[in-house]
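Presented below is the structure to which this report refers.
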Amino acid sequence: MSSATSAHRDGELLQPRARKPNVPGSRQMSLGVEGVPEAGSIMTPNSGISSGRSTPVPRDAPPSVQATSSARKQRRAQQKGRLFPTIDYAPRVSHFDPTSDYRDFQGFFVLFWIGLAIMVITAMLRNLKEFGYPLMFRQWGLFTENIFELAISDGAMAASTALNLPLHKMYRSSGILRWNKLGMAVQCIFQAAWLGYWVSWPFVRTWTWTAQVFFTLHLMALFMKMHSYAFYNGHLSETQRRLSELDEPSTASKASVLKYPSSRTRLHEISQEDDDDKHDSNSQGDEHISHLREDLAFELTSPLGQVTYPQNLTLTNYVDFLFCPTLCYELEYPRTEGIRYMELFYKTLAVFGCIFLLTVTSEEFIIPVLDESALRLQNVYTLSDRALIMAETVSRLLFPFMVTFLLVFLVIFEYVLGAFAEITCFADRLFYADWWNSCDWLEFSREWNIPVHHFFRRHVYSASRPHLSRPLATLITFLISALAHELVMGCITKKLRGYGFFAMMLQMPIVMVQRSRWIRGRTLLNNTLFWCSMILGLSAMCALYVLV
């Protein structure tokens, strides 16, 4: 108890241990001073201190032997000294305490899957009782109806992005089509035409909503990849041109090097780089030519030092980028040593398992609620009755959409991206952070989908920041993100209502309120508000898009 008392006096709290020490065959008891035999006492066999079976130690034995024998007797005495051993109390915190350093909650992840298994088994037993079949897959036809046409169209869409490669080689020319002249405008026109054509393609073919969900999400991913590849290589082409012009320093530009922001550049670093560039451009007369040439060469070389522009302008490099689980193009990525085929098998199996669970959840808990509400809305005409039906529908969809949201997160960011990372040996697999601890929507947008966040920070915010203030650049970023979300919802539901756009833009004033001096710093309250708005918003969006 002396250690506990001293810790209490120092004001320190002991953290819970990650795991209990596993020492087979031993009992760790703290008996205090009373459990230790006094020096010079006679240990009798019936005293409860000695077993009576210890080997006698001669009186003339060396001190080391006597000390070892005494230590063994004391250890045995500590294990057998009392019927009720003393418990070691100390100032400690629980695992869920906010001040606890414990972070291993893997068991709750296992419990989540066990809960989903219980949900599926319960649904199967209910269907077996009512219909005679364990599962009623009414959506199975939706998965198989356009599958071959979807595969051909998706392959053609991915192949059409390869036009970026010959276009970029055209931008490297010294004529009017170079990147800083008409090349950027030509690329923007090509991307707009590409996006418009492939967005309208599912509507022309009248696909099912399941095929349209997959096609639209892949469409947006390819569009962002195409934009990142074109604009980053366009920047490198101008950098290489400047490096070549420095062979004749008298006619070459002495302006500072324009460094393209990496996918992990912090927002405050972007502003700092802009200020540094302005300072360097003002003092360019004092800048040495060799130093400028070195900076340009570094900009053309990958961080790992294995690839230099334009060595990357190959079809193999472009196809590799399409398969890598990232939206921001780099000359080179860190790689693992090889493919772990068992891990790839497990992730692929988990993808189909999550799709199965999503299908069961929608069949059992979402579609019946929406069908029932649609029939009820046809028979009411007053605004109050319709509002009551909508409120009841939203409340009944809260839990199913929470499960759907978690499954969609797992299937995309943990299993699909993880599988492609395994295929391409892509080493950076931080596709999400602890978004479940978010206190506002800005924090959630940074941590929920790290690849998309990197893209918007690099190609939207960083592109706007030199010309706009920080709040306006943030607003432009949110505006483009809201338009993209509304486009996805419109392609899925084939309705352009603006609900998703309005909900996305509503996040900005909510963040301002949460970061006010009255609410800022209240972590538990803000996290609770975040989760409530998340779950309520998902079910409300579904009810509005489907029923209104």
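Structure values in brief
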quantity	calculated
In the stretch 147-220, the trypsin sites (Lys or Arg not before Pro) that fall in loop regions by DSSP, at most 11 other Cβ within 10 Å	none
Loop chymotrypsin sites (Phe, Trp or Tyr not before Pro), the stretch 444-548, which have at most 10 other Cβ atoms in a 10 Å radius of their Cβ (DSSP)	518
3J(HN,Hα) from dihedral phi, the stretch 355-371, Karplus parametrisation 6.51/-1.76/1.60, rounded to Hz, x for glycine, proline	5, 4, 5, 5, 5, 5, 4, 5, 5, 8, 10, 10, 4, x, 5, 5, 5
Modelled FRET efficiency - R0 25 Å, residue 102 with residue 405, Cβ distances, 0.05 increments	0.45
HN-Hα J in Hz across the stretch 382-398 - Karplus 6.51, -1.76, 1.60, θ = phi - 60°, x for Gly and Pro	7, 5, 5, 5, 5, 5, 5, 5, 5, 5, 5, 5, 4, 5, 6, 8, 4
Those GluC sites (Glu not before Pro) in the stretch 93-185 that DSSP places in a loop and that have at most 15 other beta carbons within 10 Å	145
Residues whose placed amide H lies under 5 Å from that of residue 92, excluding near-sequence neighbours	14
Per-residue HN-Hα couplings for the stretch 500-506 [Karplus 6.51, -1.76, 1.60; θ = phi - 60°; Hz; x = Gly/Pro]	x, 4, 5, 5, 5, 6, 5
The stretch 360-510, accessible surface, carbon-and-sulfur percent (1.4 angstrom probe)	70 percent
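The values are calculated or read from the model by the stated rules, or taken from the named source; none is laboratory data. Computed from a predicted model, the values in this text were never measured in an experiment. Every residue, glycine among them, receives a Cβ derived from its backbone with ideal geometry; neighbour counts consider all protein chains shown. In case anyone asks, the SASA skips ligands and DNA or RNA and just uses the protein heavy atoms, side chains included. Shrake-Rupley method; radii C 1.70, N 1.55, O 1.52, S 1.80 Å.
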